[in-house]
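Values in this text are rule-based calculations from the coordinates and carry no lab data. Just so it is clear, the model here is predicted, and its values are computed rather than measured. Note that each Cβ is placed from the backbone with ideal geometry, even for glycine, and that neighbours are counted across all protein chains shown.
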There are 2 protein chains.
Amino acid sequence: MNKNNRREDIVLTAAKLFRKKGYNAVSMRDLAAEMGIKAASLYNHISSKQEILASIVLSVAKDFVGHIDTVVPQPIASIEKLTSIIHHHIELTAEQTDFLACMNNDWIHLDEENKTLYLSLRKEYEAKFREILRVGMAKNELKNIHIEISVFGILTTLRTLYVWYAKKDVVSLKTLKTDLPRLLLDGLID
Amino acid sequence: MNKNNRREDIVLTAAKLFRKKGYNAVSMRDLAAEMGIKAASLYNHISSKQEILASIVLSVAKDFVGHIDTVVPQPIASIEKLTSIIHHHIELTAEQTDFLACMNNDWIHLDEENKTLYLSLRKEYEAKFREILRVGMAKNELKNIHIEISVFGILTTLRTLYVWYAKKDVVSLKTLKTDLPRLLLDGLID
DNA sequence: GTCTATAACATGATAGAC
DNA sequence: GTCTATCATGTTATAGAC
């Protein structure tokens, strides 16, 4: 196993543990034990516990911004854009559950520099999402519900999908992809 | 100041710190410093850091179950019941922001016994909420969206209200009480 | 009720041998 | 690349003086 794979392995294992117990509750000894090595050996592959956290959180945050950037310029209705975004959240949740959980729970433990970077990516994502809603409402494709409440309500549900995805035996990915957009966009009442 | 008030003060201060930095990142020295006393003195009022956390988390969890128990037997439409629950979440979020945040972020750090208790309260709440949706769908008051997805989507948003409530300058409590039920129940699309 | 002092241990990280 | 050994610091918690 070369150095990159080993590093990747450490980050994946860390994400799993951080998700389960929280960043602060996971010691470098815990992480090393899970990898089957000693704590000191970790430092041949990573430079600090902080670096691992930043690697996890920022990779997900960048992925989300990357996706919304491909959606925004498309010549499709607002509802289609929102559906595409919801589907991307579902897919990423399925593929990178631990990373998603880690981003949501532990970003607060990033050092000042990375926290600022994370929050600016998040702000950028929210601004682009808000703009899609604004245009949709202006074109009367969407109901005129308070825009901040709409942004918050939808993004919160999407961000927290991973919590619920752990119980995925209850519902298939396919059902999720049809019924979650219905819930978030059409609502429960006719 | 008598013993109960002092204890209460410690719990309120702890909730504030736990919310800001996370349970594990707050030491008893931090908490004592914030209270203007020494760490050792805390133990005259509480028996452990764990006990403080349990006190915070369980009080909120019990409040939610208590409220839904008053709503369930009422002779009103499902939509009215859901609106009442949404309003209760909004009110509690406004009154006990730190407690709500602490429950959401730090329940994972409860010891085994209290974690089990918390999860059973949470399960009980979800079951009662699910039943309201089930009846509403059976009576055709609500659309037939996958029930687990509906439960998840709505409760997630309500649980995470505190995150957004910190930016309360953006929207009034009154607007929240009208537009959040609209978003969650009516949806964005006509 | 609060203090000082301290026990007993866990933490992130590093140096240097192999 | 991994190990053992170690460091400096932080942790929860208690004993006993005032």
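Quick one: if you stick a label point 7 Å off each Cα along the C-beta vector at B:K177 and A:D169, how many nm between them?
4.2 nm
Distances from A:L12 to the same residue in each other copy, label points 7 Å out along Cα→Cβ, in nm, shortest first?
Ordered by distance, the counterparts are at 4.9 nm.
Please identify the trypsin sites (Lys or Arg not before Pro) of segment B:83-163 that satisfy two criteria: DSSP loop assignment and at most 16 other Cβ atoms within 10 Å. Which are they?
Hits after loop and neighbour filter: B:K139.
What value does the protein assembly as shown have for Rg/Rh, both radii from Cα atoms and Rh as Kirkwood defines it?
0.98
Kindly provide the trypsin sites (Lys or Arg not before Pro) of segment A:1-45 that DSSP labels as loop, not H, G, I, E or B, and whose Cβ sees at most 13 other Cβ atoms within 10 Å.
Qualifying residues, ordered by number: A:K38.
Run the label-point distances for A:K115 please: 7 Å along Cα to Cβ, every other copy, nanometres, shortest first.
Shortest to longest, the spacings are 2.6 nm.
Indicate the helices, whole DSSP H runs only, in chain B that combine a mean Kyte-Doolittle hydropathy of 0.0 or more with a Cα extent along their long axis of 15 angstrom or more.
In chain B, the long hydrophobic H runs are B:49-71, B:78-95, B:147-159.
In whole Å, what is the distance between the alpha-carbon centres of segment B:14-93 and segment A:51-91?
Cα centres, segment B:14-93 to segment A:51-91: 33 Å.
Within 10 Å of each Cβ of B:155-161, how many other protein chain Cβ atoms are there on average?
Average per residue, whole number: 5.
Give me the dipole magnitude in Debye, nearest 20, for chain B about the Cα centre, with unit charges on the beta carbon: positive for Lys and Arg, negative for Asp and Glu.
300 debye
Where the only charges are on Cβ atoms (+1 Lys, Arg; -1 Asp, Glu), what is the dipole of the protein assembly as shown about its Cα centre, to the nearest 20 debye?
My answer is approximately 440 debye.
In peptide A:174-182, how many Cβ atoms from other protein chains are near each Cβ within 10 Å, on average?
The mean count of partner-chain Cβ atoms within 10 Å per residue comes to 4.
If I take the rotation axis that carries chain A onto chain B, which residue of chain A has the nearest beta-carbon, and at how many angstrom?
Result for the A and B rotation: A:G187, 1.
May I ask which residue of A:V11, A:I108, A:A127 lies farthest towards the positive end of the charge dipole of chain A, with charges of +1 (Lys, Arg) and -1 (Asp, Glu) on Cβ and the Cα centre as origin?
Farthest towards the positive end: A:V11.
In the Gaussian network model of chain B, springs joining C-alpha atoms below 10 Å, which of B:L58, B:L100, B:L173 carries the largest mean-square fluctuation?
Evaluated over chain B, the most mobile residue of the options is B:L173.
Give me the dipole magnitude in Debye, nearest 20, for segment A:1-89 about the Cα centre, with unit charges on the beta carbon: positive for Lys and Arg, negative for Asp and Glu. Let's see the in-between values first.
Values: 12 positive and 8 negative charges, 86 e Å.
So the magnitude is around 420 debye.
Given a cut-off of 17 Å, what percent of all Cα-Cα pairs of segment A:65-132 lie beyond it?
When every Cα pair of segment A:65-132 is considered, 50 percent fall beyond 17 Å.
Which distances in nm, rounded to one decimal and ordered from shortest, link the label point of A:E131 to the equivalent label points in the other identical copies, with labels set 7 Å from Cα toward Cβ?
Here A:E131 shows inter-copy label distances of 4.8 nm.
Evaluate peptide A:132-142: per residue, the Cβ atoms of other protein chains within 10 Å of its Cβ; return the mean as an integer.
Mean partner shielding for this stretch: 1.
List the relative contact order of chain A as a percent without decimals, with contacts defined as Cα pairs under 8 Å and 6+ residues apart. Mind dumping the intermediate values first?
Working: 153 pairs, mean separation 46.5, N = 190.
Across chain A, relative contact order equals 24 percent.
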